[in-house]
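Notes follow once the structure below has been shown.
The values are calculated or read from the model by the stated rules, or taken from the named source; none is laboratory data. Everything numeric here is computed off the predicted structure, so don't read it as measured data. Using ideal geometry, Cβ is built from the backbone for each residue, glycine included, and neighbour counts are taken over all protein chains shown. SASA here: full protein model, heavy atoms, side chains in, ligands and nucleic acids out. Shrake-Rupley method; radii C 1.70, N 1.55, O 1.52, S 1.80 Å.
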Amino acid sequence: YSRAFKLLCNRAGIECDLVTGKSEGEGHMWNRVNIDRKLSYVDVTWNDRAEYRTYTYFNITEEQLKFDHSFFPLLNELSQEEISGGCSFNFTYKECTYTGNTYYEKTGRVLWLDSFGTAAEKIKETYKSGGSYTEFMFETEDARLLFERDSNGFVAKIQSSLDNIYISGYAQERDTLILFFK
């Protein structure tokens with residue numbers, strides 16, 4: 001996935017590098033992209049779920065990525081023994097702190113502490129266009145913690161603004177919430 005994404009980005013004139021490390025305890029690869037001189041990470045592998053597609057790992061910061069990814073060291077940080085022993089590494093490091101370019105920010109799918117009505121409107125839009133789920137990013141740690149403390153109450157507040165649409169389930173990944181409805 002990452003190599004194909006790099007090829008497509010580079011052919012479209014978007015600077016894109018491969019980054020290696022671990023995720024879920026296994027060796028893993030993702031991308032660093034430079035869009036309008038703003039660096040962010042994309043992990044197309046984790047954005048492709050069998051049951052649904054997600055934008056959880058699309059144009060995110062290093063802080064967001066480090067929630068469940070870790071980086072292999074830089075080549076110049078390793079000894080000759082480690083290199084000849086086959087230790088995995090990255091060639092370059094560029095900090096990715098750009099915010100404002102995620103799917104959620106671009107589409108108005110950001111959850112604040114009191115944005116239940118806005119979430120309901122986005123669900124209605126998605127439902128009208130034939131969708132059966134939509135996703136949101138928690139804007140702050142407080143919003144994410146509020147959800148984790150009382151997920152049923154959080155979802156009920158959104159549900160109260162939906163007329164004939166029923167929230168049938170949800171999934172939380174990192175700082176995003178996917179709501180399924182019918």
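Descriptive notes on the structure:
- Checking every one of the GluC sites (Glu not before Pro) in segment 1-96 against DSSP loop status and a limit of 16 other Cβ atoms within 10 Å picks out E24, E51, E95.
- Sequence-distant residues sharing a close amide H with V44 (under 5 Å, placed H): N31
- Rolling a 1.4 angstrom probe over the protein heavy atoms with all chains in place gives segment 10-88 an accessible area of 58 Å² per residue.
- Between the amide H of F72 and those of T20, G21, K22, distances stay under 5 Å, these residues lying 5 or more places away or on another chain, with hydrogens modeled in the peptide plane.
- Of all accessible heavy-atom area on segment 120-169, the percent that carbon and sulfur account for (1.4 Å): 44 percent
- Residue with peak Gaussian network fluctuation, the chain [Cα springs, cutoff 10 Å], from S23, S115, S168: S168
- Ellipsoid semi-axes for the chain, based on the Cα gyration tensor and the rule √(5λ), read 35, 17, 14 Å when sorted largest first.
- Per-residue extension of 0.36 nm, minus the Cα-Cα distance of K182 and N164, leaves a gain of 5.6 nm for this segment.
- When cysteine pairs in the chain are screened for C-beta atoms closer than 4.7 angstrom, the residues that find no partner are C87, C96.
- On the basis of the beta-carbon distance and an R0 of 41 Å, L75 and L145 show a calculated FRET efficiency of 0.60.
- With θ taken as phi - 60° and the Karplus curve 6.51 cos²θ - 1.76 cosθ + 1.60 applied, the whole-hertz 3J(HN,Hα) list for segment 67-75 is 4, 9, 10, 10, 8, 6, x, 6, 3 Hz, x standing for glycine and proline.
- Helical contribution to [θ] at 222 nm, DSSP H n ≥ 4, -39,500 (n - 2.57), averaged over the chain, rounded to 500: -8000 deg cm²/dmol
- Whole-Hz ³J(HN,Hα) from phi, Karplus 6.51 cos²θ - 1.76 cosθ + 1.60, for segment 162-178, glycine and proline x: 10, 6, 9, 10, 10, 6, 9, x, 8, 9, 10, 10, 6, 10, 10, 10, 9
- Distance between segment 127-173 and segment 1-69 - C-alpha centres, whole angstrom: 25 Å
- Amide H contacts of C96: E62, each under 5 Å away and 5 or more positions distant or on a separate chain (H built 1.01 Å from N in the peptide plane; Pro and chain starts excluded).
- One quarter of the convex hull surface built on the alpha carbon atoms of segment 1-58 amounts to 4.2 nm², the projected area averaged over directions.
- Of all accessible heavy-atom area on segment 18-110, the percent that carbon and sulfur account for (1.4 Å): 49 percent
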